[in-house]
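Q: Got a structure for you, questions after.
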Amino acid sequence: MIRISKLPLINLLRRPGRSIALVLLTAFLGFSIFGGSVIVMSLRQGLSSLENRLGADIIVVPSEAQSKSSFKNMLLQGTTGAFYMSSDNLERTLEVEGVESAAAQIFLASLKADCCSIKIQVIGFDPETDFIVQPWIEESCSKDLGPLEVVVGTNVGAQVGETLKIYEERCHVAGRLAATGTGLDSAVYCTIDTMKQLLKAAEAKGITHKVTSDDEDVISAIYVKVREGYDIGKVNSAIQGHTRKASAVRTRSMITDVSGALSGVAQTVTGLIGAVWILAFLILLVAFVMIANERKKEFALLRLLGTSRRMLGALIRREMALCSLTGGALGIAAAAALVFPFSALIETRLKLPYLMPSAPVLALTAAGALLAVLLAGTAASAWAAGRLGRVDPGTVLREGN
Amino acid sequence: MKIEACAIEKWYFRGKGDTNRFFAVKQTDLTLEPGKVTVLTGRSGSGKTTLMHMLSGLLTPDGGKVLADGKDLYAQEDKALSGFRNAHFGMIPQGADVLPVLTVMENILLVQGIYANQSRNPGADRSVGVQDRAQKLLGEMGIADLADVPAGELSGGERRRVCVARALAGTPDVIFADEPTSDLDDENMQIVLQMLKKAADEGAAVLIVTHDQEALDYADVCLKMHAGVPGPAVQTEDREAPSCQEGGAGSDLQIV
Ligand SMILES: Nc1ncnc2c1ncn2[C@@H]1O[C@H](COP(=O)(O)OP(=O)(O)OP(=O)(O)O)[C@@H](O)[C@H]1O
Ligand SMILES: [Mg+2]
């Protein structure tokens, strides 16, 4: 006994050429929807994580760092950078009216040499005052950092419990941070006290960080939070005037560059997805109308043998659903296989912060993409089969011959 | 099952405007009696297929009614009508249609498979022994060895015989055969006609549309159609040599 409910599957299996063409088409749809969405989402997420990580209104860096934009590269691409200014600037900044809090950080670049395990950016922060790195570190490392203890960014190839050698100092890895999709993922974090020790060790290797010969206390950047009600622009100018050999930069202006480039890329990708989608949908529609025409005789015969209008519609939809689910799943899998492993490459290629959404969000996106493919397939087949339902089987039978 | 057509008609538009109404079938009364073979002949384009489609529930008439054992076929919803046709009617379409992806035997069994999943299966009792009957019918028509061959690979005449087996295997109450013997050699033509006759002898109402004069030998009633009008039904047992009278607008009855 052959049940009519098996007919869609039989049709697909015994007409492999036709089925493969349809599966490829729907796979293309699934690939473009899922792959494109993941890239756009990752870029958005990267930007918002960058904004979060730079939870400061104003950043003060040495003038040389600002002019060489080495600070921005460090943030975005994880290139190493070391630039210093006098720690006086922290006090000077705190004196400016409208500054709610200010925290200093010290940067040091390790070397690719015997003295260091890896070439990496080391960032020292003051656990007492820091509001940039400290909350982030608390998320992943419950206890306070002790002397010669470091926390590593997610891209640093060192596990908790291991030891990193930085200028011959053995630093104990106490924690790993969650990904941000920015250059901060390639850095190592320690307290300012540890950092001072590292600076000394570096000096022993001939790496100087002194601004003037008598200057013992140096810092690399100051993060400033502006008190509510004060104009950030004005406070920024005031800091600029009050500090020495330093540039005060509004965080927003630094991020606007990035978000501008990002929205450009996101728009391009979205437009591309849209174009691919419309194209693939049209091809699918044309393919279905052609196939439905070619199979008119077949459908009329099913009606002749007593298949009701509704049953025939369900058979056609089921066949398309099987096709689009298979194709959609294949396309999504292919997109995942391309986008997931190459996310680092995409990040460096686009030179933009890129942070992949979490697994549940990815799963949801995949399900959404599958649904979209299914809907497209169903819509195309419903359209193609529409007329079959409206006329008498006798009329279809005549047209089919 | 008795099929009665009361003043059914079907028209189409030819050319532009509604004045160009053209009747494929003009007001027609016709009765198919159980146990009898009715043979419908006529020139190509005279409306035979259109009439048969209307009688078998496939084409809604523009006027009149079709009754199956007193029940108005077209008063039913599509779902009920489809189920009814599946359970009671055996169809041999003019185009010798088979599903090319299915094997010959699958094509035949599909008729019973359409409602096999449904709790209310109108033809459940008929699905018993269908396969054996189908195999036997194929054997009688000399194509037993084709049972497992994909139907798409068959010749025209082979397809035609598969359609015959498909229509007869479920022992339907009414059989509608549109040119069941075209593409067939003389021997197979006789075999198919005998099968249809046998189905009538077992109680089915059989309508055969054909151009083959040989069919008249098996007819209990015969009609000849002309320009959308069937001539009067002639009971062939009343006559020595069976022949049919032609209908037609303004034409006098003529003996063929
Ligand atoms: N859907 C339709 N639209 C327009 N004209 C139609 C339609 N269906 C049938 N006709 C016309 O009605 C007439 C009768 O057609 P029908 O198929 O019933 O003839 P037939 O007697 O079966 O012919 P044949 O012996 O060639 O099969 C034909 O002239 C045909 O062109
Ligand atoms: Mg015909």
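The values are calculated or read from the model by the stated rules, or taken from the named source; none is laboratory data. If you're wondering where the values come from, they're calculated on a predicted model, not measured in any experiment. With ideal geometry, Cβ positions are generated from the backbone for all residues, glycine too; neighbour counts draw on all protein chains shown. For accessibility, only protein heavy atoms count, side chains too; no ligands or nucleic acids. Shrake-Rupley method; radii C 1.70, N 1.55, O 1.52, S 1.80 Å.
Q: Going through region B:166-189 one residue at a time, which ones are out of contact with any Cys (no Cβ under 9 Å at 6 or more places or on another chain) and part of a loop (DSSP other than H, G, I, E, B)?
A: Passing the criteria: B:170, B:171, B:172, B:173, B:179, B:181, B:182, B:183, B:184, B:185.
Q: Enumerate the pairs (first residue in region B:206-223 and open to solvent by less than 10 Å² (accessible area, probe 1.4 Å); second residue anywhere and assigned to a helix (DSSP H, G or I) and within 13 Å of ligand 1 (Cβ to nearest atom)) with beta-carbon separation below 8 Å, excluding pairs fewer than 6 apart on the same chain, so at least 6 apart or on different chains.
A: B:207/B:52; B:207/B:55; B:209/B:48; B:209/B:49; B:209/B:52
Q: Consider only pairs whose beta carbons are under 7 Å apart and that are at least six residues apart or on different chains; among these, list those whose first residue lies in region A:170-190 and is in contact (Cβ under 8 Å) with a residue 40 or more places away in the chain and whose second residue is of a type in the set (Lys, Arg).
A: Taking only residues 6 or more apart or on different chains, the pairs are A:180/A:53; A:182/A:53; A:184/A:53.
Q: Quick one: which residue in A:338, A:362, A:355 is farther than 28 Å from residue A:284 by Cβ and not aromatic (Phe, Trp, Tyr)? Can you show your working first?
A: Numbers: A:338 fails: farther than 28 Å from residue A:284 by Cβ; A:362 fails: farther than 28 Å from residue A:284 by Cβ.
Only one candidate passes the filter, namely A:355.
Q: Among the residues of region B:71-88 satisfying the criterion of being at the interface with another protein chain (Cβ under 8 Å from one of its Cβ atoms) and in contact with a Ser or Thr (Cβ under 6 Å, 6 or more places away or on another chain), which is surrounded by the fewest Cβ atoms within 10 Å (Cβ to Cβ)?
A: B:79
Q: List the pairs whose first member sits in region A:228-239 and is over 14 Å from residue A:93 (Cα atoms), whose second member is surrounded by 13 or more Cβ atoms within 10 Å (Cβ to Cβ), and whose Cβ atoms are under 6 Å apart, counting only residues at least 6 apart or on separate chains?
A: Qualifying pairs under 6 Å: A:230/A:98.
Q: Which helices (runs of 4 or more DSSP H) sit wholly inside region A:1-114 and have at least 1 residues that are at pLDDT below 85? Don't jump to the end; show me each part of the working.
A: Working: elements: A:7-14, A:16-53, A:63-67, A:70-77, A:88-95.
Output list reads A:16-53, A:63-67, A:70-77.
Q: Is region A:1-17 home to any residue that is away from chain B (no Cβ under 14 Å) and either in contact (Cβ under 8 Å) with a residue 40 or more places away in the chain or in contact with a helix residue (DSSP H, G or I) (Cβ under 7 Å, 6 or more places away or on another chain) (or both)?
A: The first filter runs over region A:1-17 and keeps only residues away from chain B (no Cβ under 14 Å), leaving none.
No, region A:1-17 has no match at all.
Q: When you scan region A:158-168, do you find a residue that is at pLDDT 85 or above, of a type in the set (Lys, Arg) and in a helix (DSSP H, G or I), even just one?
A: Within region A:158-168 (the criterion being at pLDDT 85 or above, of a type in the set (Lys, Arg) and in a helix (DSSP H, G or I)), the answer is no, since none of the residues qualifies.
Q: Quickly run through region B:74-97 and pick out the residues that are closer than 21 Å to residue B:199 by Cβ and touching a Leu at 6+ places or on another chain (Cβ under 7 Å).
A: As a first pass, look at region B:74-97 and keep what is closer than 21 Å to residue B:199 by Cβ: B:84-94, B:96-97.
Correct list: B:86, B:90, B:91, B:93, B:97.
Q: So residue A:293 fits all but one of (1) more than 11 Å from chain B (Cβ to nearest Cβ); (2) over 30 Å from residue A:75 (Cα atoms); (3) modelled with pLDDT of 85 or more; what number is the exception?
A: Result: residue A:293 fails condition (3) only.
Q: Say whether the condition of being in the same structural domain as residue A:106 (by TED's automatic domain parsing), in contact (Cβ under 8 Å) with a residue 40 or more places away in the chain, part of a helix (DSSP H, G or I) and open to solvent by less than 20 Å² (accessible area, probe 1.4 Å) is met by at least one residue in region A:293-316. Let's see the steps before the verdict.
A: Quick first cut of region A:293-316, residues in the same structural domain as residue A:106 (by TED's automatic domain parsing) only: none.
Within region A:293-316 (the criterion being in the same structural domain as residue A:106 (by TED's automatic domain parsing), in contact (Cβ under 8 Å) with a residue 40 or more places away in the chain, part of a helix (DSSP H, G or I) and open to solvent by less than 20 Å² (accessible area, probe 1.4 Å)), the answer is no, since none of the residues qualifies.
Q: Just to be sure I understand the filter: pairs with C-beta atoms under 6 Å, separated by 6 or more residues or on different chains, first member in region A:81-103 and under 19 Å from residue A:241 (Cβ atoms), second member small (Gly, Ala, Ser). Which pairs pass?
A: A:85/A:246; A:89/A:246; A:90/A:104; A:93/A:102; A:94/A:102; A:96/A:238
Q: Right, another one. Mind checking whether some residue in region B:190-206 is within 14 Å of ligand 1 (Cβ to nearest atom), under 17 Å from the mean Cα position of the chain (by Cα) and outside any loop (DSSP other than H, G, I, E, B)?
A: Taking region B:190-206 as the starting set, the residues that turn out to be within 14 Å of ligand 1 (Cβ to nearest atom) are none.
No, region B:190-206 contains no residue that is within 14 Å of ligand 1 (Cβ to nearest atom), under 17 Å from the mean Cα position of the chain (by Cα) and outside any loop (DSSP other than H, G, I, E, B).
Q: Mind listing whichever residues of region A:357-395 are at pLDDT below 80 and either outside any helix (DSSP H, G or I) or within 14 Å of chain B (Cβ to nearest Cβ) (or both)?
A: Correct list: A:388, A:389, A:390, A:391.
Q: On to the next question. Does residue B:68 qualify as being more than 16 Å from ligand 1 (Cβ to nearest atom) and within 9 Å of another protein chain (Cβ to nearest Cβ)? Show your work before the answer.
A: Details: more than 16 Å from ligand 1 (Cβ to nearest atom): yes; within 9 Å of another protein chain (Cβ to nearest Cβ): no.
Against the criterion (more than 16 Å from ligand 1 (Cβ to nearest atom) and within 9 Å of another protein chain (Cβ to nearest Cβ)), residue B:68 does not qualify.
Q: Run residue A:399 past the list (1) within 16 Å of ligand 2 (Cβ to nearest atom); (2) surrounded by 16 or more Cβ atoms within 10 Å (Cβ to Cβ) and report the number of the one that doesn't hold.
A: Of everything listed in (1) within 16 Å of ligand 2 (Cβ to nearest atom); (2) surrounded by 16 or more Cβ atoms within 10 Å (Cβ to Cβ), residue A:399 misses just condition (2).
Q: Let me confirm something: among A:175, A:98, A:146, A:157, which residue is over 20 Å from residue A:76 (Cα atoms) and surrounded by fewer than 16 Cβ atoms within 10 Å (Cβ to Cβ)? Can you show your working first?
A: Details: A:175 fails: surrounded by fewer than 16 Cβ atoms within 10 Å (Cβ to Cβ); A:98 fails: surrounded by fewer than 16 Cβ atoms within 10 Å (Cβ to Cβ); A:157 fails: over 20 Å from residue A:76 (Cα atoms).
A:146 is the lone residue from the list that is over 20 Å from residue A:76 (Cα atoms) and surrounded by fewer than 16 Cβ atoms within 10 Å (Cβ to Cβ).
Q: Consider region A:225-257. How many of its residues are at positive phi and surrounded by 16 or more Cβ atoms within 10 Å (Cβ to Cβ)? Lay out the reasoning, then the answer.
A: Taking region A:225-257 first, the residues at positive phi are A:229, A:245.
Add one more test, that the residue is surrounded by 16 or more Cβ atoms within 10 Å (Cβ to Cβ), and what stays is none.
Qualifying residue count for the region: 0.
Q: Okay, moving on. Please tell me if residue B:101 is within 24 Å of residue B:169 (Cα to Cα), away from ligand 1 (no atom under 16 Å from the Cβ) and at pLDDT 90 or above.
A: Values: within 24 Å of residue B:169 (Cα to Cα): yes; away from ligand 1 (no atom under 16 Å from the Cβ): yes; at pLDDT 90 or above: yes.
When the stated conditions are applied, residue B:101 passes them.
Q: Identify, please: which residue in region B:31-70 is basic (Lys, Arg) and either in a loop (DSSP other than H, G, I, E, B) or within 16 Å of ligand 2 (Cβ to nearest atom) (or both) and is, among those, least open to solvent (accessible area, probe 1.4 Å)?
A: In the first step, residues of region B:31-70 are kept if they are basic (Lys, Arg); the result is B:36, B:43, B:48, B:65.
If we keep only those that are either in a loop (DSSP other than H, G, I, E, B) or within 16 Å of ligand 2 (Cβ to nearest atom) (or both) too, we end up with B:36, B:43, B:48.
On the way: B:36: 62, B:43: 166, B:48: 13 Å².
So, considering only residues that are basic (Lys, Arg) and either in a loop (DSSP other than H, G, I, E, B) or within 16 Å of ligand 2 (Cβ to nearest atom) (or both), the one least open to solvent (accessible area, probe 1.4 Å) is B:48.
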